[in-house]
Amino acid sequence: MISKSCQYAIRAAVYLASRADENLKLNVKEIAKEIDAPEAFTAKSLQILNKHKIITSQKGPNGGFFIEEYQLHEPIVNIVSAIDGLQIFKSCGLGLKVCSEISPCPFHNDYKTLRESMLATFERTTIKMLAQNLKNGDVFVLAGK
């Protein structure tokens, strides 16, 4: 449902948040390695998240990407919006251009319920919430784990 780029962006933000209390600035290479993502995708995703003020970057020899306290409270839906847009919460499950309450596709009602549930989950889940689970060792951001 969400793009691979969006998945990488969420993983990167959660990883940065899990390291926020260490006051580190991490480079793209480190982040990409830790989240098991290609550097190019990671770099692009981080730039977009920085542009939308979901994470922060600092240039220079001691620079890198990090997340500030206020950014920890960003809901995951803001990452989805920045990377993919919110169309996934509105589009037809069968990919039809014309699908609505008036002219529904065969999958409309069930898919609408799924979309609404996913949107609600992404709206109520913050970066900090996911990062806390990561710090506790309850979950992982590496694809192989």
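The values are calculated or read from the model by the stated rules, or taken from the named source; none is laboratory data. Note that this is a predicted model, so its numbers are computed, not measured. Because the Cβ atoms are built from the backbone with ideal geometry, glycine has one as well, and the counts that use them run over all protein chains shown.
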Self-check item: Residue check, Ser57 surrounded by 12 or more Cβ atoms within 10 Å (Cβ to Cβ), modelled with pLDDT of 95 or more and more than 14 Å from the chain's Cα centre (by Cα)
Solution: yes
Practice problem: Restricting attention to region 116-145, report how many residues are at pLDDT below 95 and in contact with a helix residue (DSSP H, G or I) (Cβ under 9 Å, 6 or more places away or on another chain). | Solution: 13
Quiz item: Which condition does Ser3 not pass, out of (1) under 12 Å from the mean Cα position of the chain (by Cα); (2) at pLDDT 95 or above; (3) under 20 Å from Leu119 (Cα atoms), if it passes all the others?
Solution: (2)
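How many residues does region 92-115 hold that are part of a loop (DSSP other than H, G, I, E, B), over 19 Å from Ile2 (Cβ atoms) and of a type outside the set (S, T, N, Q)? Talk me through it step by step, then tell me what you get.
The initial filter retains those residues of region 92-115 that are part of a loop (DSSP other than H, G, I, E, B), namely 92-107.
If we keep only those that are over 19 Å from Ile2 (Cβ atoms) too, we end up with 96-106.
Keeping just the survivors that are of a type outside the set (S, T, N, Q) gives 96-99, 101-102, 104-106.
Count: 9.
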Practice problem: Could you tell me whether any residue of region 120-127 is more than 15 Å from Ala9 (Cα to Cα), in contact with a strand residue (DSSP E or B) (Cβ under 9 Å, 6 or more places away or on another chain), acidic (Asp, Glu) and without any contact (Cβ under 8 Å) to a residue 60 or more places away in the chain? | Solution: yes
Quiz item: If we keep just the residues of region 58-86 that are in a loop (DSSP other than H, G, I, E, B) and touching a helix residue (DSSP H, G or I) at 6+ places or on another chain (Cβ under 6 Å), which is farthest from Val14 (Cα to Cα)?
Solution: Asp84
Exercise. Output the residues belonging to region 1-57 that are assigned to a loop (DSSP other than H, G, I, E, B), farther than 17 Å from Glu69 by Cβ and in contact with a strand residue (DSSP E or B) (Cβ under 6 Å, 6 or more places away or on another chain).
Key: Asn27
Self-check item: Positions within region 63-99 being surrounded by fewer than 11 Cβ atoms within 10 Å (Cβ to Cβ) and free of Cβ contacts under 8 Å to residues at least 12 places away in the same chain, in sequence order
Solution: Tyr70, Gln87, Gly95, Lys97, Val98
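Yes/no per residue for (1) free of Cβ contacts under 8 Å to residues at least 40 places away in the same chain; (2) closer than 30 Å to Leu94 by Cα; (3) of a type outside the set (Lys, Arg); (4) buried (at least 16 other Cβ atoms within 10 Å of the Cβ):
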site: Ala20; (1), (2), (3), (4): no, no, yes, yes
site: Leu49; (1), (2), (3), (4): no, yes, yes, yes
site: His52; (1), (2), (3), (4): yes, no, yes, no
site: Pro61; (1), (2), (3), (4): yes, no, yes, no
